[in-house]
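The values are calculated or read from the model by the stated rules, or taken from the named source; none is laboratory data. Note that this is a predicted model, so its numbers are computed, not measured. Cβ: placed from backbone, ideal geometry, glycine included. Neighbour counts: every protein chain shown. When the accessible area is computed, the model is the full protein with side chains, heavy atoms only, and any ligands, DNA or RNA have been set aside. Shrake-Rupley method; radii C 1.70, N 1.55, O 1.52, S 1.80 Å.
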Amino acid sequence: MWNEPSAALATALPGPERQPDPAVVVSVEPGSIGDELGFQPGDKLITVNGQRPRDLIDLQFLCSEEELVLEVDDPDGTRHTIELEKDADEGLGLGFSEALFDGLKQCNNHCPFCFIDQQPPGRRGSLYLKDDDYRLSFLYGSYLTLTNLTPADWHRIEAQRLTPLYVSVHATDAELRSRLLVNPRAGLLMEQLAWFDARDLQIHAQVVVCPGVNDGEALERTLGDLAGFAVGDWPAVLSAAVVPVGLTRFRPPGDALVPVDRAAAQAVIAGVESLQQRFQQSLGSRFAWLSDEWYLIAGRPLPPRDDYEDLPQQENGVGSIRAFLEALDQATADLPIRVNPPRRLSWVVGQLVGEALTPVVDRLNTVDGLELILQPLPSPYWGQEQVVTGLLTGSDLLQGLAGRDLGERLLLPAVMLKQGEPVFLDDLSVSELEQQLAVPVSVVGGAEELVAACLSNSGMYA
Ligand code: SF4
C-alpha cells in the first residue's frame with residue numbers, strides 16, 4: 001500500500017528535539033466539548049496543562065486528564081487560556097491538520113529497492129518523504145524499520161505503550177538485513193524483537209522479497225525467527241506479510257535487483273505455504289501470509305478467504321482481493337432484476353487483478369439494463385505490465401483508456417488517489433482526467449460504493 005505523509009508536514013531534523021508547532025484545528029465535532037468551548041477551524045492549540053503535545057498521541061494522553069488548562073491562539077493571534085473539567089474518557093471533539101507537530105522522522109537507510117527512490121523527479125514533495133516514524137506506524141499502520149530510534153524514542157514506546165507497531169523486517173540475519181537496508185544498525189533487529197517481547201509490546205512484520213537476495217533459505221529463516229516470537233499468550237510478533245519487491249523503470253542502473261517472475265512467485269508460494277502448515281501446527285495460526293500479488297503473478301488461484309483468518313495484513317495487500325470479493329458478495333446478494341434508466345459504465349483496475357474481478361463484473365451484468373465494462377490497465381508510467389490498482393497513475397489512464405468506449409461514466413477506485421485529495425501519483429487531477437477523456441468520473445471507495453454506483457440513480461443521473 002502507498003503511504004504518503006501529509007504535504008504540509010515538516011521534516012524532523014536530527015539532533016535535539018525541536019519545539020513542537022501548535023496543533024491547528026481543522027474540524028470541530030458538533031455538540032462536542034470543543035464545540036461548546038467555541039473552538040473554530042484555524043484555532044491553534046499551544047499547550048495542554050502546560051505541555052506542548054508533540055503529536056496526536058501526546059494530545060490524547062494529555063487530554064485524558066479530567067481537569068484541563070488549554071492555551072489557544074485565535075487565527076488572529078489572540079491568546080486565550082481555557083480551563084475545563086470533563087470525564088477522563090471524554091475527548092475534545094477536535095480534528096487537527098497534522099498528526100505530528102514536531103516533524104516527520106525519516107529513514108536513515110538506503111535500500112536499493114526503495115520505491116520512493118524509484119520515482120521520476122519533479123512530482124509533489126510529499127511523494128519523496130521517507131516516512132520511518134514510529135508514531136505514524138502506531139497511529140496509521142505504516143511500516144518502519146526501527147533503525148532511526150533514539151533512546152528517548154524507545155523509552156516513549158514503552159512508557160506510552162505504543163503497540164502494535166508495524167516493522168519492515170526483510171531478513172532476520174543481521175548481516176543480510178544490514179546489507180538490504182544498507183545500514184549497520186539494521187542488524188540489531190533480533191535484539192529489538194526481544195526488547196518488544198520482554199515488555200509485552202507487539203508488532204506486525206513484513207518481508208519484502210528480492211529474488212536471489214532474501215528468498216529461499218533466507219526467507220525460511222526469517223519467518224522461522226519471527227515465529228519464534230509468536231508464541232505464548234501475548235506474542236511479540238502477531239503476523240508476518242511476505243510481499244514481492246516492486247521495481248519501476250526509474251530505478252537506478254546497476255542495482256542488481258531482479259523482478260519477481262512466475263517461477264520465482266511459484267517457488268516463494270511453495271516455500272511459504274509449507275511453512276504455514278508448520279506454523280498452523282505449532283502456533284495454531286498460519287502466522288505468515290503471502291500478498292495477493294504472488295498468486296496473481298504465479299497464475300495460481302487465490303487462497304480461500306478463511307485461510308487469511310482475521311486478515312491481520314489486509315492493508316498490506318494480503319487477502320485484500322478475497323476480502324473485497326467477500327464484501328462484493330454481500331453487496332450483490334440482493335441485486336435488482338433491472339435498472340432503469342439503462343446504463344453503460346466502465347470500471348478501471350490494475351492489469352494484475354483484472355482476471356480475479358471478472359466474475360464480479362459478470363454477476364453485476366446479470367442485472368437487466370446494466371453493462372459494466374471492466375478496464376484492466378498496465379502501467380507504462382512505472383514500466384509495469386502487471387500492476388496493482390493502487391499504483392495506476394493518471395497518465396496510465398489517459399494512455400490506456402484513450403479512444404476506448406467507456407460508456408457514460410468511469411468508476412475510479414479511490415485507492416489510486418492521494419488520501420483525501422483527488423490527485424493521482426503522477427499529480428494529474430481527477431478533473432483533468434475527466435476533461436481529457438471527456439467522461440464523468442465517480443470515485444468508488446469499496447465494494448458497497450462500487451455496487452451503489454452501478455445501481456443507484458441518485459447523483460449519477462441527477
Ligand atoms: S526504509 Fe528503505 S524502503 Fe523504506 S523509505 Fe527508507 S530507504 Fe526506502
(message) Counting C-alpha atoms alone, how compact is the chain: give Rg to one decimal and Dmax as a whole number, in angstrom.
(response) 24.0, 66
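Give the value in nm², to one decimal: projected area of the alpha carbon convex hull of segment 72-190, averaged over all directions.
Reported value for the Cα convex hull: 10.9 nm².
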(message) In Å², and per residue, what accessible area does segment 71-124 have when probed at 1.4 Å with the other protein chains present?
(response) 50 Å²
(message) Can you give me the convex hull volume of the Cα atoms of segment 312-462, divided per residue and expressed in Å³?
(response) 111 Å³
(request) Evaluate the charge dipole of the chain about its Cα centre and quote only its size in Debye, nearest 20, assuming +1 on the Cβ of each Lys and Arg and -1 on the Cβ of each Asp and Glu. (result) 1660 debye
(message) Once the convex hull of the alpha carbons of segment 106-146 is built, what does its volume come to per residue, in cubic angstrom?
(response) 79 Å³
(message) With n ≥ 4 as the cut-off for DSSP H runs, can you work out [θ] at 222 nm for the chain, using -39500 (n - 2.57) per run divided by the number of residues, rounded to the nearest 500?
(response) -8500 deg cm²/dmol
(request) Taking the dipole about the Cα centre of the chain, with the C-beta of Lys and Arg at +1 and of Asp and Glu at -1, give me whichever of Val243, Ala447, Leu193 is farthest to the positive side. (result) Val243
(request) Pull up the DSSP beta bridges for the chain and report the antiparallel fraction as a percent, rounded to 5. (result) 40 percent
(request) Name the residue farthest towards the positive end of the dipole of segment 18-103 from the options Val25, Cys63, Leu37, assuming +1 on Cβ of Lys and Arg, -1 on Cβ of Asp and Glu, about the Cα centre. (result) Val25
(request) Filter the GluC sites (Glu not before Pro) in segment 305-402 to those in DSSP coil with at most 12 other Cβ atoms within 10 Å of their Cβ, and list the result. (result) Glu385
(message) Please report the equivalent ellipsoid semi-axes of segment 243-383, computed as sqrt(5 x eigenvalue) of the Cα gyration tensor, largest first, in whole Å.
(response) 32, 23, 11
(request) Name the residue farthest towards the positive end of the dipole of the chain from the options Gly50, Gly400, Val430, assuming +1 on Cβ of Lys and Arg, -1 on Cβ of Asp and Glu, about the Cα centre. (result) Gly400
(request) In whole Hz, with x marking every Gly and Pro, tabulate ³J(HN,Hα) for segment 304-311 from phi via Karplus 6.51 cos²θ - 1.76 cosθ + 1.60, θ = phi - 60°. (result) x, 3, 5, 4, 8, 6, 9, 6
(request) Over the chain, with every protein chain in place, what whole percent of the accessible area is carbon and sulfur at 1.4 Å, could you tell me? (result) 50 percent
(message) Charges at C-beta only: +1 for Lys and Arg, -1 for Asp and Glu. How large is the resulting dipole of segment 289-366 about its Cα centre, in Debye rounded to 20?
(response) 580 debye
(request) Can you work out the accessible area per residue across segment 305-462, with the rest of the protein chains kept in place, probe 1.4 Å, in square angstrom? (result) 45 Å²
(message) Explain nothing, just the number: dipole magnitude of segment 321-462 about its Cα centre with +1 on each Lys and Arg Cβ and -1 on each Asp and Glu Cβ, in debye rounded to the nearest 20.
(response) 200 debye
(request) Return the lysines within reach of Lys418: Cα separation strictly under 24 angstrom, same-chain partners fewer than 8 residues apart disregarded; answer none if there are no such residues. (result) Lys105, Lys130
(message) Stokes-Einstein diffusion coefficient for segment 123-225 at 4 °C in a medium of 1.567 mPa s, Rh from the Kirkwood formula over Cα pairs: what value in µm²/s?
(response) 90 µm²/s
(request) Taking the Cβ of Asp35 as the centre, find all other residues whose Cβ is under 15 Å away and add up their charges (Lys, Arg: +1; Asp, Glu: -1). (result) -3
(request) For Ile337, Ile46, give the ranking by accessible area with the largest first, probe 1.4 Å. (result) Ile337, Ile46
(request) Starting from the amide H of Thr393, placed 1.01 Å from N in the peptide plane, find each other amide H under 5 Å away whose residue is 5 or more places distant or on another chain. (result) none
